[in-house]
Amino acid sequence: MEHYLIIIVSAAFINNFVLSRFLGLCPFIGVSKRLDSALGMGMAVIFVLTFASVITYMIHRFLLLPYHLEFLKTISFILVIATLVQFVEMVIHKTAPTLYESLGIYLPLITTNCAVLGAALLNINENYNLLESALNGFGAGVGFTVALILMASIREKLELARVPRSFKGAPITFIIAGILSLIFLCFKGIIAE
Amino acid sequence: MWYSGLKIKTFRTGGVHPHEYKGLTEECSIINFPVPQKVIIPLSQHIGKTAKALVKKGDMVSEYQLIGQKDGKISANVHSSIPGKVVDVVMACILNYQVLSVVIQLEGEFKTGNLKKDEWEPLKKEEILKRIESAGIVGMGGAGFPTDFKLSPPPDKKIDTLLVNGVECEPYLTSDYRLMMEKTDEIVEGIKIVKKVLGVRTVFLGIELNKKKAIKKFKDRLTSESNIHVVPLKVKYPQGGEKQLIKAILKRQVPSGGLPFDVGVIVSNIATVYAVREAVLFQKPLTERVVTVAGTIVEKCGNYKIRVGTTVSEVIKEVGIHGPIGKVIMGGPMMGINVSTVEAPVMKGTSGILFFSEKEARSIDYSFYKPCIHCSKCLEACPVNLNPSMLSILGEMEKWEDMKGYHLQDCIECGCCSFVCPSRRPIVGWVKAGKALSA
Amino acid sequence: MYRLSVSPHIHSKASVSRIMWTFIVALMPAMAASIWFFGPRALYLEIISVATAVITELLTGLLLKKRITLSDGSAVITGLLVAFNMPVSVPYYVPIVGSFFGIAIVKQLFGGLGYNIFNPALAARVFVMFAWLPEMTTWNAPLTTSGFSKLAGFNFSIDTITTATPLAIAKMKGMAGLLTEFGSKMGMYKDLFLGKCPGCIGETSALALLLGAGLLLLTKIIRWPIPLSYLATVVLICLLSGNDPIFHLLSGGLILGAFFMATDYVTSPMTPKGMILFGVGCGLVTMVLRLKGGLPEGVSFSILFMNALAPLIDRYFKNPVLGVKT
Amino acid sequence: MKIQELSKGLFKENPILVLMLGLCPTLAVSTKAIYGIGMGAAVIFVLTCSNVIISLIKDFIPDKIRIPSYIVVIATFVTIVDYVMKAYTPELHKSLGIFIPLIVVNCIILGRAEAFAAKKNVLDSFFDGIGMGLGFTLALTLIAVIREILGAGTITLKLLGYGWIVEIPHLNPMIVMILPPGAFITIGLILGFSNILKKR
């Protein structure tokens, strides 16, 4: 049990996907302007990351490995993720229109979010089993969402600050990310053992 | 202590304690101000529609003559304060905005003499209200809400309490205090008249503890009156604000965007109550009021009974000023408006005229404000529990629309936030701009 | 024509420089203690750090064409706090880089005084901590004689014996290790309270820090909610986890952090509720890091972490506006 | 004409400093100069090849499956690079880790395919690929050099036993610079300063 908890906490905080693994930076910079859109994006990413982790694990375990097709890993994963995102979009659209309205615009953006493919590849590299993969994906999504929400709340406050013109937008966002990353660095020690 | 039997009350949220400066004029009895040579009488000295001008250039008018006719339900009559000749009916700059005003040059004689005194007890409620209306009485605490309108609340609002506002929480001002000291009986009579109009059983008279003599005087006077109670209040600005006073005395909360009658209360100022008595007993229109004239550079500080329309220049001539004037403030120093010209007239709501020296004026210069350091002193000081810091930052960035999200409309502009702000930010200025621009 | 301005026309005596300079005065006892226990080198570090902070503020101000706000003293505070958060043996470039990072990047790039999201001194401390971990975690025992006597002779030497901070001892060897180090429990409390123990130069003397904190509380420059909830949370967690609360209160940078850094206006929430939550969060993270973390100390990290959460707290914990139904 | 396609990627439309594309690998692998060059080489290869192929086949692809087809093309070349590097430079491959396969979702590649190769002829696309790739490599290596000097006190230009490792004397490196915070702060400052230069 503790082992699984550590996987989640580790993926979410200790090795935060955005702040210490540098995955998913584009949406992190792009969608962190407003808190409500950050929330929507975060939820969508958690959803997709968890599912994608499970499905890519199964493809790798039951399709690629038995037939020695590992060289198709990259290409098959990216196609599966793209299909999954499409599928999820369709399903949500049909079953939960209100959820679709809040998540809808973020879903297409997720295909090119390298956090999703990154998590899938990491699961393979770390030799995680199915449950571990799912938890790792979920934890990664939570970590992404936490970082995104923190950044969005800070940037909303910074809207009203006199940031030098050349540093407005991406530059100051990266500097904030740097300081957040400093903070997350000190969590590293907690589950180091 | 002598008032130990009474419970001392105050409001809980926010508030500040500015230095009082009341010693300058506290012991100055009310003096009649000499008749001015010229008056400028604005036709809008109240909230609501400007009165319709009844005179034109060249007309002769007598004292107490109606020169502005009440226009619509929320409006008030305006009368001439001196006999004379109408020199002009123009848009004049009053308190830094343009208002249609009647300019009268003193001419002819005062014919009115002693007014006949009526008994008020036999008068019907409607008759009393009619007399208040025709005398053009408005709230004299500053806001200028037409009193006849205020005293006839909608029938679905059940009014159970009248609060008489003797707080006078603004520094420097003592005009209400002098009125309370010198016209105690008249004020009590006025209270009874208002009480009859409203048909309420209970009346509370709120007076702050820095006016102990007035509290004692009213307490002694009211021993025989079982339904009129004096309530001593802890000194705290802005206790004279309607909502704060209701909270302090009755612990009732006026809802956002509501008026006192929403919680069954009517609040009336001491000076207004006094004017109501004069209007009802003598059918005398509101053409003069007690004004505190004070400031370190004023030679003859005091409380003057000044005719409405008397200009600042006449006041300066009479009281004498030594040294250059930096600022002229109509009203108290916390909420008063400073005027740019000596042509600004005394109005029905002018409770004080303050003269600041150049040095005093320069010490509060909002053009050199600093960034907000988020010290949250303003949050602590705000009597409405707003976030003035956010309002000021949004105002500074000219995001007027966003200010609404921070309850801009609930701000009473009391100035507590700016008063305590270490960065000396003109928060009230931004709020006023926000209210004007986000509507 | 008379001067025109908006109301109010009178003002309390409060001003930014008054607040900041009082704050600096409140830091003076701790500064004296740092020299007393660690010798003139502590003073030297403080001077270097403050000078760097002030010069950086001046230069960046000129570069960014800002109104120069040196007189408000906030740069001096940042410089002092950066130095306070370092061991006495650090090379001189550490406070220089730290102060520069704090002022130029964490403060001025965010818009200067009043706009920074993170406490510049804390961010600087964490930055140099990860930049030069060995230098930042080498501790010297306090001097056995008063450091003031060395001051006159410009004697910058420091005790060469390196040792471990009380928190590190507690982490490695537990209470038994602390007792052998200090002799007795009362002796330990006394030494920790006075500041006679290895640690960052400005954080060791609880006595000196509390004197300054008293001044700040009396002048109402800082308010109770944050320090109180911070310290109370630490005590509560200590009691629940079977640790010595007095030891944890007095050791490390807790007093310095709770009264002088967590209370930083700009980087903490503005409403009483938010402040309490902020303090509780600081206490929680501090104790998690102290008891479970890889490094023995957690005060700077925890406050910096809560700085990042402050905008979120401010957003969700607003004062209820009177008369508005929620 | 061709020179323009080549040079615009270096400065005026530098993918990292100006277009802000491909930031994830930039931050992740910029800890040593050689990693920057290696990553850059991989990107140049994939970008150029996919640009050429896409501009060749653009007329045969139905519009509806445009993006998926591009992704398949890109992923093919990424797999080739992945395996080639694994075979010949295993050390470098291990250091760059998942960021080699992640080139697939690097926005530069899909971005150029969509914005350039799908509209222009083969030769232009080829030079565009090379130019953009070089610009990416240049910026990435610049950041890597800065971080390595400050964070490790060295400049590593050594691969498979060839090349040098330059050591900067008298410098006590700031380890934080080769840790994630250093990456974020460096790129933040570089983007800011490049904005200042742009406005000049």
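Read-outs throughout are calculated quantities, based only on the coordinates presented, and are distinct from any laboratory measurement. The structure displayed is predicted, hence computed values, not measured ones. Here the Cβ positions follow ideal geometry from the backbone for every residue, glycine too, while neighbour counts run over all protein chains shown.
For a Förster distance of 41 Å, can you work out the FRET efficiency between the beta-carbons of A:His93 and D:Phe193, rounded to the nearest 0.05?
Here the calculated transfer efficiency is 0.35.
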*Which one of B:Ile159, B:Ile30, B:Leu100 is farthest out on the positive end of the charge dipole of chain B, using unit charges on Cβ (Lys, Arg +1; Asp, Glu -1) and the Cα centre as origin?*
B:Ile159
*So how strong a dipole does the range B:366-438 carry about its Cα centre when Lys and Arg Cβ are +1 and Asp and Glu Cβ are -1, to the nearest 20 debye?*
200 debye
*Hey, in the GNM for chain A with a 10 angstrom Cα cutoff, which one of A:Met151, A:Met41, A:Met58 fluctuates hardest?*
A:Met58
*Measure up B:Lys243/C:Lys220; B:Lys158/B:Lys247; B:Lys236/B:Lys370; D:Lys8/D:Lys199 against 20 Å on the Cα-Cα distance and list the ones that go over.*
B:Lys243/C:Lys220; B:Lys236/B:Lys370
_Packing-based exposure ordering (other Cβ within 10 Å, fewest first) of B:Met334, A:Met1, C:Met136, C:Met175_ = A:Met1, C:Met175, C:Met136, B:Met334
_Backbone N under 11 Å from the B:Phe110 label point (7 Å along Cα→Cβ), restricted to the range B:65-91_ = B:82-83
*What is the distance in Å between the Cα centres of the range B:120-154 and the range B:232-295?*
13 Å
*May I ask which residue of B:Met397, B:Ser363, B:Ile373 lies farthest towards the positive end of the charge dipole of the range B:336-399, with charges of +1 (Lys, Arg) and -1 (Asp, Glu) on Cβ and the Cα centre as origin?*
B:Ile373
*Each label point is 7 Å from the Cα along the Cα-to-Cβ direction; what then is the distance between the points at B:His19 and C:Thr22, in nm?*
1.7 nm
*What Kirkwood hydrodynamic radius, in Å, does the range D:1-134 give when the mean of 1/r is taken over all pairs of distinct Cα atoms and then inverted?*
14.9 Å
_Suppose a student asked you for the relative contact order of chain D, using Cα pairs under 8 Å spaced at least 6 residues apart; what percent would you report?_
35 percent
*Would you mind computing, in nm to one decimal, how far apart the modelled labels at D:Gln4 and A:His3 are, each placed 7 Å from Cα along Cα→Cβ?*
6.2 nm
*Mind pulling the angle between the C-alpha long axis of helix A:73-95 and the longest principal axis of chain A? Nearest 10 degrees, somewhere in 0 to 90.*
70 degrees
*Of B:Ile132, B:Ile47, B:Ile67, which has the largest mean-square fluctuation in a 10 Å C-alpha GNM of chain B?*
B:Ile47
*Would you work out the charge dipole size for the range D:50-135 about its Cα centre, treating the Cβ of every Lys and Arg as +1 and the Cβ of every Asp and Glu as -1, and quote it to the nearest 20 debye?*
100 debye
*Using a Förster distance of 60 Å, the FRET efficiency for D:Asn121-A:Leu131 (Cβ separation, nearest 0.05)*: 0.70
*Which of the listed residues, D:Gly182, D:Thr156, D:Tyr83, is farthest toward the dipole's positive end in the range D:2-195, when Lys, Arg count +1 and Asp, Glu count -1 at the beta-carbon?*
D:Tyr83
_Relative contact order for the range B:125-282: what percent, with Cα pairs under 8 Å and sequence separation of 6 or more?_
35 percent
*To the nearest 10 degrees, how steep is helix A:114-125 against the longest Cα principal axis of chain A, on a 0 to 90 scale?*
40 degrees
*Over what distance in Å are the Cα centres of the range C:190-241 and the range C:248-291 separated?*
10 Å
*Pull up the DSSP beta bridges for the protein assembly as shown and report the antiparallel fraction as a percent, rounded to 5.*
65 percent
*Linear extension gain, B:Lys432 paired with B:Lys216, 0.36 nm per residue minus alpha-carbon span*: 73.8 nm
*Comparing A:Ile78, A:Ile59, A:Ile149, which has the greatest mean-square fluctuation in the GNM of chain A with Cα pairs linked when under 10 Å apart?*
A:Ile59
_List the Cys residues of chain B that have no partner Cys with a C-beta closer than 4.7 Å._
B:Cys28, B:Cys93, B:Cys169, B:Cys301, B:Cys372, B:Cys375, B:Cys382, B:Cys411, B:Cys414, B:Cys416, B:Cys421
*Too long at a 26 Å Cα-Cα cut-off: which of B:Lys117/B:Lys348; B:Lys9/B:Lys192; B:Lys183/B:Lys211; C:Lys65/D:Lys198; B:Lys234/B:Lys435?*
B:Lys234/B:Lys435
*Using a cut-off of 16 Å between alpha-carbon atoms, which lysines can reach B:Lys359, once sequence neighbours fewer than 8 places away in the same chain are excluded?*
B:Lys327, C:Lys13
_Give the lysines whose C-alpha is closer than 17 Å to that of B:Lys56, dropping any in the same chain fewer than 8 places away, or say none._
B:Lys38, B:Lys70, B:Lys85
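Efficiency by 1/(1 + (r/R0)^6): what FRET value for C:Val288 and C:Lys220, r their Cβ-Cβ distance, R0 = 30 Å, to the nearest 0.05?
In this case the efficiency is close to 0.40.
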*Say each of B:Glu401 and B:Met91 gets a label point 7 Å from the Cα, pointing the same way as Cα to Cβ; how far apart are those two points in nm?*
3.0 nm
*Hey, got the dipole for the range D:56-200? About the Cα centre, +1 on K and R Cβ, -1 on D and E Cβ, debye to the nearest 20?*
360 debye
*Where in chain C are the helices, taken as whole DSSP H runs, whose Cα atoms extend 27 angstrom or more along the long axis and whose Kyte-Doolittle mean reaches at least 0.5?*
C:16-38, C:40-63, C:272-292
*Mind checking which aspartates and glutamates have their C-alpha under 14 Å from B:Lys22, skipping anything on the same chain fewer than 8 residues away?*
B:Glu168, B:Glu170, B:Asp176, B:Glu208
*Given the Cα-Cα distance of B:Lys52 and B:Glu358 and 0.36 nm per residue of separation, how much length would full extension add, in nm?*
106.2 nm
_Span from the the range C:67-126 Cα centroid across to the the range A:114-161 one, whole angstrom_ = 32 Å
*Which percent of Cα-Cα pairs in the range B:265-416 sits in each 5 Å bin, short to long?*
2, 8, 14, 15, 14, 13, 13, 12, 7, 2, 1, 0
